[in-house]
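Here the structure comes first, spelled out in structure tokens, and everything after it is commentary.
We did not get these values from a lab; they are worked out from the coordinates using the rules stated. None of the values given here were measured: they were computed from a predicted structure. Note that we place each Cβ from the backbone using ideal geometry, even for glycine, and neighbour counts take in every protein chain shown.
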Amino acid sequence: MRIVLLGPPGAGKGTQAVLICKKYGIPHISTGEMLRDAVASGSDLGKMVKSVLDSGELVTDQLVMQVVADRLRREDCARGYLLDGVPRTVVQAEILRDMLAESKTALTSVVQISVPEQVLLERIRHRGGAGARTDDTAEVAAKRLQVYWAQTAPVAEFYRVAGLLVEVNGVGTVEEVSERLFAAVER
Ligand code: AMP
């Protein structure tokens, strides 16, 4: 299974990604997590991206797709993976498509977790608190949502046109949503 999980910030993408990966035994590839790890480790990559992450803007397409390409080459991805937080722009989706074509593989499904904007804003407001991500302040969260609509929402359209997109209702309990997602990726 080679899955792309799409959805706006606050849709529960991270939680659901973990459940899908556990159920199907595939690695969870989260670019946000990889980039935050890079920042925490103080690597060259981390130094390059720290201010961008803190602002809620996007890291450049070339940089992030290089990170993904390196990750997908690792052996644990041979039998599949789930991409979480990438592609984030149509350019990234195109780079991924070309990368997969080159390795003669293809995505098996692209699943979008859909949640109405009002619900998202509520959820984002309740995140924050102790141990929260430094990009989880209300202001940055609002910025991330704005970036999502401008740059990432078109990615779903890209996959819809390609005939790969399955939309799943993201309103409900974690279990309800994960059951819908399992059904979607098994189609
Ligand atoms: P996430 O955990 O997926 O919400 O990502 C956290 C932050 O990392 C984002 O706000 C971006 O600054 C950066 N980021 C993660 N994935 C990408 C990506 N595919 N393209 C560009 N920036 C990304």
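Here are a few things to note about the model shown:
- Inter-label distance, nm, simple model (7 Å from Cα along the C-beta direction), ALA142/ASP76: 3.8
- Cα pair distances exceeding 20 angstrom across segment 22-130, given as percent: 50
- Between ALA69 and SER51, full extension at 0.36 nm per residue minus the direct alpha carbon distance yields a gain of 4.2 nm.
- Descending principal axes extents, the chain, alpha-carbon based, whole Å: 41, 40, 29
- Taking every lysine pair in the chain that is 8 or more places apart or spans two chains, those with Cα atoms closer than 25 Å amount to 6.
- Across all directions, the average flat footprint of the convex hull enclosing the Cα atoms of segment 42-86 is 3.7 nm².
- Value of [θ]222 nm, deg cm²/dmol, for the chain, DSSP H segments ≥ 4, -39500 (n - 2.57) each, nearest 500: -16500 deg cm²/dmol
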